[in-house]
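Accompanying notes for the structure given below.
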Amino acid sequence: MLVTYVRSSSYNNYAYCQMQYFITYVLGHQSDSGKKADMGTMAHKAMEILAGLKKFQQDNPRRKYLVVEDDAAGKIRIKKDELYTDDFVNDLIEISIDCYAKNSKHKFYPKERKEVAQTVWTFLTHSDGMFDPRKRNIHHPEPHFDIPIEEDWAKFEYEIDGEKVQGQLAIKGTIDLVTLLNEDTIEVIDWKSGRRMDWATGEVKDYKKLENDAQLLLYFYAISKLYPEYPNRIMSIFFYKDAEGEPDPKPFSLMFDKSDEARFLEMLKNRVEEIRHNVNPKPLDPTRSHWKCKYLCHFCKNNWEGTDEKMCIYIEKHLKKHGMEKTVNECTRPGFNIGFYEAPG
Ligand code: SF4
């Protein structure tokens, strides 16, 4: 399979279902987001805007108004003192819900709105407000990263649409929040509104699991490249729910060091090589009767356009009949470009 980028979501998705990985990240077909995922996005948006407003206040201490221009919620402009009021937080939660609800295929009733509000308020008030962005020194709200892996094994050369493409594998993603604790120390915070479990294995995430968690190591590697001037980098991951989906707020904080960078690169190399050599992605369940196929997967619930076959089955048959190259050429979503990192200059 072609692989030019690794995101934390794609790394985990390959372990969950190779076929879903192939359809999503190689062929570029998108899944409709579920209601719970939308609710998570809404809660994240409220947290992001609060951090953005706090950052504005830090950078402009004399301004009477705080302003954030948000891609989804639009312009938020408030009086300085409003930032710390419950009324503003409640209004912001409603704004965050509405801006996603209007384009969602789901309906968000008072019960769901209340759950989003509870998630946000839990993030803000847990441990005496220790994770409230308004009480933090914000270094960077929601930084994006796109970092090439400067290793020989990370070089790639593919033919895409008859054109030779060369590049360097990169890691890509978004970090929820970077805060500054002192001149040597940053803390990265990742809000998790979903269940505290590994969806591929069903295992509950605890400190032991998190030490080897690919997403955390990927973030750690990214922040060590983005913020090399801070020798101490803390990664905190705040789960709102337990493995069963019941509210059970639990933040975990970890520190990684230089040896973990090498450990991450080794994990990444193994995963990337496995993906590269895989020309026959396995479905999670060959019969598609597993609940994860039937109830969770977009590619099981929707047919390939113009056929009465599920997208997943259609792609599996296409691969068997025509092989990887032809399937990539014929079944890639129109307009989708797998993208690749080109070193500047
Ligand atoms: S239907 Fe099942 S096997 Fe197919 S992509 Fe979805 S999860 Fe994987």
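The values are calculated or read from the model by the stated rules, or taken from the named source; none is laboratory data. Note that this is a predicted model, so its numbers are computed, not measured. Here the Cβ is made from the backbone with ideal geometry for all residues, glycine too, and neighbour counts use every protein chain on show.
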From the option list LYS45, LYS111, LYS75, LYS107, single residue qualifying as under 28 Å from ILE186 (Cα atoms) and either part of a strand (DSSP E or B) or not β-branched (Val, Ile, Thr) (or both) is LYS45
Select from the stretch 130-181 the residues that are of a type in the set (Lys, Arg) and more than 19 Å from the chain's Cα centre (by Cα) and write down the one among them that is surrounded by the fewest Cβ atoms within 10 Å (Cβ to Cβ).
LYS164
With the condition kept exactly as written, say whether any residue in the stretch 298-313 is outside any loop (DSSP other than H, G, I, E, B), more than 8 Å from the ligand (Cβ to nearest atom), out of contact with any strand residue (DSSP E or B) (no Cβ under 7 Å at 6 or more places or on another chain) and of a type outside the set (Val, Ile, Thr).
yes
Can you report the number of residues in the stretch 279-292 which are near the ligand (Cβ under 8 Å from one of its atoms), of a type outside the set (Lys, Arg) and touching a residue at least 24 places away in the same chain (Cβ under 8 Å)?
2
Inspect all residues belonging to the stretch 330-339 and state whether any of them is touching a helix residue (DSSP H, G or I) at 6+ places or on another chain (Cβ under 9 Å) and free of Cβ contacts under 8 Å to residues at least 24 places away in the same chain.
yes
Can you tell me which of (1) assigned by TED's automatic domain parsing to the domain that holds ASN302; (2) not in a helix (DSSP H, G or I) is the one ARG62 doesn't meet?
(1)
Only one of SER96, SER127 that is assigned to a helix (DSSP H, G or I), of a type in the set (S, T, N, Q) and more than 24 Å from ASP38 (Cα to Cα):
SER127
Do you know which residues across the stretch 15-49 are touching a strand residue (DSSP E or B) at 6+ places or on another chain (Cβ under 9 Å) and within 13 Å of the ligand (Cβ to nearest atom)?
TYR25
If ARG271 meets every condition in (1) within 12 Å of the ligand (Cβ to nearest atom); (2) in contact (Cβ under 8 Å) with a residue 40 or more places away in the chain; (3) touching a strand residue (DSSP E or B) at 6+ places or on another chain (Cβ under 9 Å); (4) of a type outside the set (A, V, I, L, M, F, W, C) apart from one, which number is that one?
(1)
